[in-house]
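Visitor: Got a structure here, written out as structure tokens. Questions coming.
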Amino acid sequence: MKATATAGSNIAIVKYWGARDAALNLPANGSISLTLDAARTTTTVRFDPALKSDALVLNGRETGGAALAHVSAHLDRLRAFAGVRVPALVETANTFPEGAGIASSASGFAALTVAAAAALGLRLSERELSALARLGSGSACRSVVGGWAEWLPGTRHEDSYAVQIAPPEHWDVRDLVAVVSTEAKAVPSAKGHERAASSPLFQARLREVEGRLPAVRRAILERDFHALGVLAEADALSMHAIMLTSAPPLLYWLPATVELIRQVWQWRAEGLPCYFTIDAGPNVHILTLPQAVPHVAARLRALPYVQQIIPCGPGPAPRLIPNGA
Ligand code: DP6
């Protein structure tokens, strides 16, 4: 009863911000993302009746507290599905630093879901795996799908899952993650989702997202980088406008975040194909094309406040690794 799976994180082009049902992680709006190749989590799950309780080893270190509780709660969902009550040892490692502004929970819960389902001998469809991963972390449902993924919001557990718009090889868009801080965020996304509807702008955002989703789908299918970039920036700014106008307000940006926004606009004015997007944190994801990567990376390296650059490209769906890791 052991299996290992590896899964990529994802960067949302149209963001999930605001839940219609917080317990089930049903989102207020649909979202679209690109699964990332270089930012991955690899997880081994071993169900073992000899264990007294679940245990979690995160990047080589035994971890308890909230992280273990979150993993255990997720294992309970899969155990309930399989009709077993056996404890598990979960060993998990990320290829990217914790708190680097890359959603480790997206790749983490995608890998955990796929590994635990396999270890329990459950034969689940991609749709079922995506819906289950969503219960661990909303954005994880998109990481169960490789390449360009759309989360269909749904109204109940079974119909809230992600589907693929295009496979990773369809379009080689790059995401250079410019890390300006590795501090853990003070307010977790879950709290932000709860607060989103308190913003007087929230209903307006839901209306604009309705129009943005088909436009982003079209930009992906037509490989229109300018259209994709403009839509990605607009959506990121719209989500951060919700955060700023929630009660109480949320501000994830640092001065370096604002600097980078201005830099990206400047570089674009000089002819570089680059656009930014920002999740619930201060780090900036810079979307660009392969031929521009060396130029954007060189400019990022010249900025003293950029601590690290994590280069990512389109990644596949999670896969099981035979004989474990
Ligand atoms: C800003 O509830 O999926 O990244 O589980 O904390 O990673 P965590 O977050 P989740 O919310 C994601 C919010 C977002 C936008 C997005 O990825 O759609």
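Visitor: Considering (1) closer than 30 Å to TRP253 by Cβ; (2) out of contact with any His (no Cβ under 8 Å at 6 or more places or on another chain); (3) in a loop (DSSP other than H, G, I, E, B), say which one GLY138 fails and leave the rest.
Guide: That leaves (2) as the condition not met.
Visitor: Ok, one more. Out of region 64-78, which residues are closer than 14 Å to GLY121 by Cα and touching a strand residue (DSSP E or B) at 6+ places or on another chain (Cβ under 8 Å)?
Guide: LEU75
Visitor: While we're looking at this one, here's another question. On the basis of being at pLDDT 95 or above, crowded, with 24+ Cβ neighbours inside 10 Å and under 30 Å from ALA215 (Cβ atoms), does ALA103 make the cut?
Guide: no
Visitor: Let me ask you something else. Would you pick out the residues in region 199-217 that are over 16 Å from LEU152 (Cα atoms) and touching a helix residue (DSSP H, G or I) at 6+ places or on another chain (Cβ under 9 Å)?
Guide: Listed by number, the residues that qualify are SER199, LEU201, PHE202, ALA204, ARG205, GLU208.
Visitor: Could you count how many residues in region 12-42 are in a strand (DSSP E or B) and either within 22 Å of LEU58 (Cβ to Cβ) or open to solvent by 10 Å² or more (accessible area, probe 1.4 Å) (or both)?
Guide: Adding up the residues that qualify gives 11.
Visitor: Would it be correct to say that ASP54 is more than 16 Å from the ligand (Cβ to nearest atom), surrounded by 17 or more Cβ atoms within 10 Å (Cβ to Cβ) and over 21 Å from the mean Cα position of the chain (by Cα)?
Guide: yes
Visitor: Could I ask something else about it? Looking at LEU260, LEU254, can you tell me which residue is surrounded by fewer than 20 Cβ atoms within 10 Å (Cβ to Cβ) and over 16 Å from ALA12 (Cα atoms)?
Guide: Answer to the selection: LEU254.
Visitor: Here are some conditions: (1) within 16 Å of the ligand (Cβ to nearest atom); (2) crowded, with 17+ Cβ neighbours inside 10 Å; (3) among the aliphatic types (A, V, I, L, M). LEU78 meets all but one. Which one does it not meet?
Guide: Just one mismatch for LEU78, condition (1).
Visitor: How many of the residues making up region 123-143 are free of Cβ contacts under 8 Å to residues at least 12 places away in the same chain and within 16 Å of the ligand (Cβ to nearest atom)?
Guide: Residues flagged as free of Cβ contacts under 8 Å to residues at least 12 places away in the same chain and within 16 Å of the ligand (Cβ to nearest atom) within region 123-143 amount to 0.
Visitor: Here's something else I'd like to know. If you scan region 148-201, which residues turn out to be within 14 Å of the ligand (Cβ to nearest atom), aliphatic (A, V, I, L, M) and closer than 19 Å to ALA247 by Cβ?
Guide: ALA186, VAL187, ALA190, ALA196
Visitor: To continue, here is another question. Checking VAL179 against (1) in the same structural domain as ILE32 (by TED's automatic domain parsing); (2) at negative phi, which test does it fail?
Guide: Condition (1) is where VAL179 drops out.
Per-residue answers, yes or no, for (1) more than 15 Å from ILE11 (Cβ to Cβ); (2) surrounded by 22 or more Cβ atoms within 10 Å (Cβ to Cβ); (3) of a type in the set (Phe, Trp, Tyr):
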{"position": "TRP267", "(1), (2), (3)": "yes, no, yes"}
{"position": "PRO273", "(1), (2), (3)": "yes, no, no"}
{"position": "THR277", "(1), (2), (3)": "no, yes, no"}
{"position": "GLY281", "(1), (2), (3)": "no, yes, no"}
{"position": "PRO290", "(1), (2), (3)": "yes, no, no"}
{"position": "VAL293", "(1), (2), (3)": "yes, no, no"}
{"position": "ALA302", "(1), (2), (3)": "yes, no, no"}
{"position": "GLN307", "(1), (2), (3)": "yes, no, no"}
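The values are calculated or read from the model by the stated rules, or taken from the named source; none is laboratory data. The model shown is predicted, which means the values in this text are computed figures rather than measured ones. Methodologically, a virtual Cβ is constructed for each residue, glycine included, from the backbone with ideal geometry; neighbour enumeration extends over all protein chains shown. The accessibility values were calculated without ligands, DNA or RNA, using every heavy atom of the protein model including side chains. Shrake-Rupley method; radii C 1.70, N 1.55, O 1.52, S 1.80 Å.
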